[in-house]
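Since the structure comes first, as structure tokens, the remarks are kept for the end.
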Amino acid sequence: MTSLSKIVLIPGDGIGPEITAAVQHILAAAGAQIDWVPCKAGLAALEDCGEVLPEATIDAVQQHKVALKGPCTTPVGEGFSSVNVRLRKEFNLYAAVRPVRNLAGVDARYQDVDLIIVRENTEGLYSGVENEITPGVVMSMKVATQTACERISQWAFRYATQRQRKKITVFHKANIMKMTDGLFLRSAATCHQRDYPNIEYETAIIDAGCMRLVQDPTQFDILLLENLYGDVVSDLCAGLVGGLGVVPGANYGDDGAIFEAVHGSAPDIAGRNVANPLALLMSAVMMLNYLADKDDDEVHRTTGERIREAYDVALLDGCKTRDLGGDLGTAEFAEAVIERL
Ligand code: NAI
């Protein structure tokens, strides 16, 4: 008899509450052994408790180590700093992983895409250090530390080995940012030569790498990138396989993980029951696999596999939300998946 896993649930903002409700509904119908611990973050928390990342949410993630998170809105320009960045830094969730694959039944510009983005999640231009030097002159500091560069390189090569992946490609701009991207690149090269010579390794200057991506994404296996490049390239890659509705994500640390879709809070469609919950559902399946490994509990993996099969069949049957060319609402898509469990 398997025990319930306590998982922090952060619905987030915009479409977050709709898609998390749909995912919770599917997981419950699949019999997932999960006891949710609901917590607030983002605008929802600001309205309720006056801060975007309340202490209670931090404590809950600290205690339970694993969270499923909807997207949180971050205002452009003035306003509070990103909840997402703060959560990743607070819990040292240094490895963001985004699998980018074609799904049967989902139209896409390319077929046979199967690549994984590994993004350094804690530094780079997301250091949050911005200064006004003098009126009209501002600067943003890009930070790279040897510790973080080596840590993400080790993580990516270990992950590649565990998943029987063949090749890692680093996208960089070390021709211009010789110190920061140079350190990132050197760390990856050293890790490859010293510890993982059997994994194929290549590098690409990011502009040329992006061109290669849109010419033929099937030539890539694992992409290893620093923080900002990983953010931008994740959305680009989502566009290769059908859009933001089909790319899940995980933020891993050594002692916990937060699972969330790549997309944001989509305020343009929030509250209308049209958002696609699939990317968050796929993130939840990644979470179930993580729990299976962590707790050595195959029940979580079996549940995740049943959910994956059910959404695969639903898509093949033409059950899709608007972003994928279908006409189902968020809740109706969830029902279609549940019917196929
Ligand atoms: P976005 O990803 O929210 O939306 C981009 C476009 O994709 C929009 O047209 C939207 O309607 C569509 N879209 C996104 N997810 C969808 C889904 N599940 N189903 C159907 N259509 C979907 O990016 P945007 O507009 O740049 O950002 C909105 C807010 O989200 C910002 O405040 C941003 O900071 C935040 N954000 C939060 C993230 C997180 O919490 N992890 C990640 C990215 C952005």
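Of note:
- All conditions in (1) surrounded by fewer than 21 Cβ atoms within 10 Å (Cβ to Cβ); (2) modelled with pLDDT of 95 or more; (3) outside the structural domain of Lys142 (by TED's automatic domain parsing) hold for Arg194, with the sole exception of (3).
- Any hit, region 89-96, residues being more than 21 Å from Leu224 (Cα to Cα) and among the small types (Gly, Ala, Ser): no
- Filtered by the rule that a residue be within 16 Å of the ligand (Cβ to nearest atom), surrounded by fewer than 17 Cβ atoms within 10 Å (Cβ to Cβ) and among the small types (Gly, Ala, Ser), region 313-332 gives Gly325, Ala331.
- Condition broken by Asn251, with the remaining ones in (1) in the same structural domain as Gly42 (by TED's automatic domain parsing); (2) outside any loop (DSSP other than H, G, I, E, B); (3) out of contact with any helix residue (DSSP H, G or I) (no Cβ under 6 Å at 6 or more places or on another chain) satisfied: (3)
- Residue among Thr122, Thr134 that is assigned by TED's automatic domain parsing to the domain that holds Asp221 and closer than 20 Å to Gly230 by Cβ: Thr122
- Region 57-82, subset in contact (Cβ under 8 Å) with a residue 60 or more places away in the chain and charged (D, E, K, R), residue nearest to the ligand (Cβ to nearest atom): Lys69
- Per-region count, region 112-138, residues assigned to a loop (DSSP other than H, G, I, E, B) and surrounded by 11 or more Cβ atoms within 10 Å (Cβ to Cβ): 6
- Answer residue from region 240-297, given it is farther than 20 Å from Ala96 by Cβ and away from the ligand (no atom under 15 Å from the Cβ) and is surrounded by the most Cβ atoms within 10 Å (Cβ to Cβ) among those: Ala292
- Only one entry in Val37, Val52 is free of Cβ contacts under 8 Å to residues at least 60 places away in the same chain, within 24 Å of Asn276 (Cα to Cα) and either of a type in the set (Phe, Trp, Tyr) or more than 11 Å from the ligand (Cβ to nearest atom) (or both), namely Val37.
- Some residue of region 271-289 being closer than 18 Å to Val83 by Cβ, in a loop (DSSP other than H, G, I, E, B) and of a type outside the set (Asp, Glu): no
- Condition met for Ala310 (within 16 Å of the ligand (Cβ to nearest atom) and among the hydrophobic types (A, V, I, L, M, F, W, C)): no
- Selection from region 298-319 of residues that are touching a strand residue (DSSP E or B) at 6+ places or on another chain (Cβ under 8 Å) and not in a helix (DSSP H, G or I): Cys319
The values are calculated or read from the model by the stated rules, or taken from the named source; none is laboratory data. From a predicted model like this one, the values you see are computed outputs, not experimental measurements. So basically every Cβ, Gly included, is an ideal-geometry build from the backbone, and we count neighbours across all protein chains shown.
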